[in-house]
1. Ordering Trp298, Trp273, Trp369 by accessible area with a probe of 1.4 Å, largest first, what comes out?
2. If the chain between Leu238 and Tyr154 were fully stretched, how many nm would it gain, using 0.36 nm times the residue separation less the Cα-Cα distance?
3. How far apart, in nanometres, would the label points at Leu193 and Asp282 be if each is projected 7 angstrom from Cα along the Cα-to-Cβ direction?
4. Does segment 99-190 come out rounded, prolate or oblate, given a ≥ b ≥ c as the square roots of the eigenvalues of its C-alpha gyration tensor, rounded meaning a/c under 1.5 and, failing that, prolate meaning a/b above b/c?
5. Which residue fluctuates most in the GNM of the chain (Cα springs below 10 Å): Ile237, Ile80, Ile313?
6. At a 1.4 Å probe radius, carbon and sulfur cover how many percent of the accessible area of segment 65-193?
7. What does the accessible area of Leu79 come to, in Å² to the nearest 10, when a probe of 1.4 Å is used?
8. Could you work out what % of the accessible surface of segment 311-368 is carbon and sulfur, using a 1.4 angstrom probe and leaving DNA, RNA and ligands out of the count?
Amino acid sequence: MLNLTFRKNNFSYELIISTLFAFLVFFNYLGRALYYIDMSLILIFFIIFSIKNRNVPLINIKDLKFLFAVVCFYIFAYLINLLNPSQDLTYNKNIILILIPILYMGIYIFRVSKNSFYNYLVFEKVLFYLISFLCMIVLLSYIFDLHIINSIKYATYKKFNHSLFHSNQTLLALCIPFILNYYFNNKNKMNLLFLFTIYLGTFASHGRTAIIVLAIGTIVYFIYDLILKKKFTFFNILIIFLVLIFSTLLVLYISGSTLSNLTIHTSNRMHGWLLYLNYIIDDNLFFGYGLQGAESIWKNGELGFKHPHNIYIEALFGMGIVGFLSLIILTLVYIYNIIKLDVNKYNKILPISFFFSLITLQQAIGSLWGGNSIVICLILAMISLNIKTPKFD
């Protein structure tokens, strides 16, 4: 078990900022206003931290590769969009302004700082208990047929509705690599109960994407141990088998379908994907229909979805083949960063399992410009790349 204790000089603004990073996921689940308050607090405490140390913490260029790749992609998308202007680019520009400082601060806190490993331990611990608490609320809401969060928020009875939990529950499921990592470093009966609560709460939400993301993240996490670490244990094999079988059966049950019926599994999204592809192949293949082009066509009643429910198809549709290739490059940069991680210095299992969870999740993200959800995904991706091993510190 890792001992989460700190020397007096380590217990600082950095740990407060680390805690606030974990609360981003929690507050996003509860409400947009809380999310932005938390984002503002991260910036405020980082500024105070910089003033206290009498300088803005500087980061080596080589440690900013992920930040540069993300920002370059969004600036490039904005420039391509000038050829097919969207109705309102204010929000599109704002996401760039949010990502630059938040990713910079995250890279410093979780990679560059001499206390980075301790900062991560705080982040992981807080994230584990916050997500287990939220999943417990979902599970109790399901059992009592009562939307507990909305009932408290609006001070009136709100009946439980699976669909109201799907999107946010998927973001919680995306955190499964961090959750598993915390549990296996802090095994006890209470934490095992909390871990089961996270799985049960996700199952209770009936969100198929959330269940699949949770399953993929779990399976890849254990496959890493099984193959790369060569830990061919009965426990690892059993967990992989049970998660695969149980999640598949649950998704089939929720869909009311069979393995062969992909249209139902994707909530008819596959039909929409084919429509988007037909549009883009017929016209505007190189530069697309603009960043909000899909929404414009949806408003005309020509397509069934406000957005493609697939960020790669969205990039192709909104920015054409040029934008699509730029997103592929961003993905390859992330993979390259994982490959180049020194396994003796950094925890490689987290970015690998997180990558596969994120690739699964990408068909459920509202949009490449989807505000909170895409920012949280990029923050978690950044953190996963920067987790140092205990012996390094």
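The values are calculated or read from the model by the stated rules, or taken from the named source; none is laboratory data. None of these values were measured; they are calculated from a predicted model. Neighbour counts are summed over all protein chains in view; Cβ atoms, including those assigned to glycine, are modelled from backbone coordinates with ideal geometry. For the accessible areas, the whole protein counts, side chains as well, though only heavy atoms, and no ligand, DNA or RNA atoms are used. Shrake-Rupley method; radii C 1.70, N 1.55, O 1.52, S 1.80 Å.
1. Working: Trp298 95, Trp273 40, Trp369 20 Å².
From most exposed to least exposed: Trp298, Trp273, Trp369.
2. Numbers: separation 84, 0.36 × 84 = 30.24 nm, distance 4.39 nm.
Computed gain between Leu238 and Tyr154 is 25.8 nm.
3. Distance between label points: 5.9 nm.
4. Prolate shape, in that a/c is at least 1.5 and a/b is the bigger ratio.
5. Of Ile237, Ile80, Ile313, the most mobile in the Gaussian network model is Ile237.
6. Numbers: 3830 of 5770 Å².
C and S atoms contribute 66 percent here.
7. The accessible area comes out at roughly 90 Å².
8. Working: 1580 of 2140 Å².
For segment 311-368, the apolar C and S fraction of the accessible surface comes to 74 percent.
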